[in-house]
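Accompanying notes for the structure given below.
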Amino acid sequence: MLKQVTHILFSVLCCAAAAPPNIVLIYADDLGYTDLSCQGSKYYETPNIDRIAREGMTFTNAYAGAANCAPSRACLMTGQYTPRHGVFTVGNSDRGKAKNRQLVPIKNTEILDAKFVTLGEALQAKGYRTCVAGKWHLSKDPTKDGFDTNFGGTTWGHPKSYFSPYKNPYLKDGPKGEHLPERLGRDVANWITRNAKAPFFVYLPFYSVHTPIQAPDSLTAKYEKKSADGSHKNPRYAAMIDAMDQAVGHILKTLDDHNLAGNTLVIFTSDNGPHGSISRAEPLRGVKGMYYEGGIREPFLVRYPGVIKAGSKNTTPISQIDLYPTFLELAGESIPKRLDGVSLTSAFKNEPLKDRSLFWHFPGYLQSYKADPDSASKFFRTTPCSVIRKGDWKLIQYFEEDDLELYDLKNDPSEKKNLATKEAGKTVELLKALKAWQKATKAPIPTEKNPKYQE
C-alpha cells in the first residue's frame with residue numbers, strides 16, 4: 001500500500017514538474033536598443049523592466065523581423081519571414097515622393113491572411129487561455145485570431161489618445177485623464193488574477209512608446225530636471241517609457257502575489273528601433289525604418305526561474321521569429337516545418353544554438369522624416385533591400401542599383417565601414433546565401449522601373 005501511494009505521489013510530482021509554463025510576452029512599440037537603463041541609458045529610468053534582466057538573461061544580438069511595426073508583428077505571430085506572409089510595411093509600400101523612387105515597389109499586404117495559424121491559435125490549441133492587450137495591428141479583431149480576451153487591440157498603429165477617453169471600440173473608457181499604459185497594465189493584471197490556474201499566454205504589445213508623445217505632466221517634470229544623455233533628452237518621451245515600466249511592474253507584482261513567477265516565462269522586447277526625431281539607438285547606426293542595426297536590433301530580456309541563470313547574458317544572434325517555436329516546445333508541442341525560427345530553450349540554458357543565418361526582406365520604400373546621416377538615401381530611410389546576418393557578418397543588398405554593403409559587426413557595430421569591396425570573398429559568399437534564401441522563400445523582388453522617377 002505504501003509503495004502504491006509513493007508511486008502515485010511520484011507521478012503527481014512528475015506531472016507538476018512537467019506542467020507547461022505560463023507565458024507573458026511584453027512587446028514595446030518603437031522602443032530603441034538603448035532606451036532602457038539596463039541597456040545603457042543614463043536618462044531613461046526603467047527599474048521594473050531592468051528587474052527582468054537582473055533576474056534573467058539579456059540577449060545582446062536579438063532582432064525584430066522587420067524595421068517597422070506591422071511586419072515585425074506579422075513575423076512574430078506567424079513565426080515566419082516577411083516573404084511568407086507578405087506584410088512588408090505599414091500601409092502602402094510606395095511611400096515618399098514618386099519622383100525619387102527608381103523602382104515600382106511590391107504591393108503590401110495590410111491584413112494578415114486568416115490562413116496563417118497565429119501564435120495565439122497555436123497556444124489555444126494546447127489548452128492555454130490567451131489575452132492580448134494593446135497594439136495588435138494585424139486585423140480588426142484579434143479574438144478571431146487566437147485570443148480569448150482583447151483589451152484595445154485592432155488595426156490601429158497608434159492610439160487616438162494616450163489619455164481617456166480613448167475612443168477605442170475595443171477598450172472601454174476609464175476615468176477622464178487615465179493613462180493608457182497604466183490601464184493596460186491593470187487590465188492584464190486583473191486578467192491574470194482571474195486565470196491564475198493557468199496555463200495562460202499574455203501578449204502585451206503596448207502602444208507605448210509610439211507617437212503621439214503623451215505622458216502625465218507629473219512624470220514629465222521628473223525628467224525635465226535631469227541632464228541629457230546624448231540623444232536621450234526628451235522629457236515627455238522619457239515619461240512615456242517610465243509609465244510603461246510602471247505598468248510592467250504591476251504585472252510582475254501580480255505574478256509574485258499569486259505565486260506564479262516561478263512557473264512563468266516573461267519576455268520583454270520591442271518591434272523596431274526608435275523614432276529618429278525623438279530618440280536614437282547610439283552607438284548603433286539607424287532608427288525605425290532602417291535595416292541598419294539601430295532599426296532592427298532590439299532589447300530582449302527573458303526571465304524563467306529555475307531554467308535561466310539570473311543576470312546572465314547571451315551573445316547569440318536570435319530573431320523574434322524564434323519565439324513561436326520556443327513557446328510551442330515549452331507547451332509540449334512539436335515544431336512545424338513551416339516555421340522559420342528555432343526554439344531558444346537550449347539558449348536559455350546557455351547551450352549553443354545550431355549555426356544559421358538570419359534574414360530580412362523589404363521590397364518597398366519608407367520616406368525620411370528629414371535628412372538623416374545614418375540613411376544610405378537622402379530621400380528615404382529605406383529603399384528596397386534584402387539583408388543577411390551570418391555570424392559576425394552582415395550584408396545588405398539594395399535593389400535599385402544592386403548596391404552592396406558588408407559590415408563586420410564584431411569590430412564595427414556602428415556600421416561605419418562598408419567592406420563589400422575589401423572583403424570580396426565574404427561578399428560573394430553572403431550574397432549567394434541571400435539569393436538562395438530569396439529563392440526558397442519566393443521573396444518578391446522589385447525590378448520594374450518607375451516611369452515617374454526623375455534622376
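Observations on the model:
- Cross-chain or 6+ apart pairs with Cβ under 9 Å, the stretch 67-93 first and closer than 11 Å to D340 by Cβ, then in a helix (DSSP H, G or I) and among the basic types (K, R): C75/R84; T78/R84
- Among the residues of the stretch 345-368, those identified as surrounded by fewer than 19 Cβ atoms within 10 Å (Cβ to Cβ) and not hydroxyl-bearing (S, T, Y) are K349, N350, E351, P352, L353, K354, D355, R356, Q367.
- Set T447, T421: member being free of Cβ contacts under 8 Å to residues at least 24 places away in the same chain and hydroxyl-bearing (S, T, Y): T421
Matching residues to (1) buried (at least 17 other Cβ atoms within 10 Å of the Cβ); (2) part of a loop (DSSP other than H, G, I, E, B); (3) not hydrophobic (A, V, I, L, M, F, W, C):
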residue	(1), (2), (3)
S334	no, yes, yes
R338	no, yes, yes
V342	yes, yes, no
S375	yes, yes, yes
R381	yes, no, yes
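- Residues in the stretch 194-215 that are part of a loop (DSSP other than H, G, I, E, B), touching a strand residue (DSSP E or B) at 6+ places or on another chain (Cβ under 6 Å) and within 15 Å of P181 (Cα to Cα): P205, F206.
- When residues in the stretch 137-155 are screened for being surrounded by 16 or more Cβ atoms within 10 Å (Cβ to Cβ), of a type outside the set (G, A, S) and part of a loop (DSSP other than H, G, I, E, B), 6 of them pass.
- Any pair with Cβ under 6 angstrom, 6 or more apart, that starts in the stretch 124-148 at a residue that is without any contact (Cβ under 8 Å) to a residue 40 or more places away in the chain and ends at one that is part of a loop (DSSP other than H, G, I, E, B) and surrounded by fewer than 17 Cβ atoms within 10 Å (Cβ to Cβ): S139/I111; K140/T155
- Boolean, A239 is part of a loop (DSSP other than H, G, I, E, B) and more than 26 Å from V90 (Cα to Cα): no
- Of all residues in the stretch 88-107, those satisfying the criterion of being touching a Lys or Arg at 6+ places or on another chain (Cβ under 8 Å) and either surrounded by 23 or more Cβ atoms within 10 Å (Cβ to Cβ) or modelled with pLDDT under 95 (or both) are T89, R101.
- Filter result for K226 (over 30 Å from T326 (Cβ atoms) and either among the acidic types (D, E) or in a helix (DSSP H, G or I) (or both)): no
- Residue within the stretch 116-123 that is among the small types (G, A, S) and part of a loop (DSSP other than H, G, I, E, B) present: no
- Checked against the criterion of being under 22 Å from C385 (Cα atoms) and of a type in the set (S, T, Y), the candidates Y292, Y304, Y324 yield just one match: Y292.
- All positions within the stretch 166-203 that are touching a Gly at 6+ places or on another chain (Cβ under 6 Å) and not basic (K, R): N168, Y170, L171, L184
The values are calculated or read from the model by the stated rules, or taken from the named source; none is laboratory data. These numbers come from a predicted model, not from an experiment. As a convention, Cβ positions derive from the backbone with ideal geometry for all residues, glycine included, and neighbour counts pool all protein chains shown.
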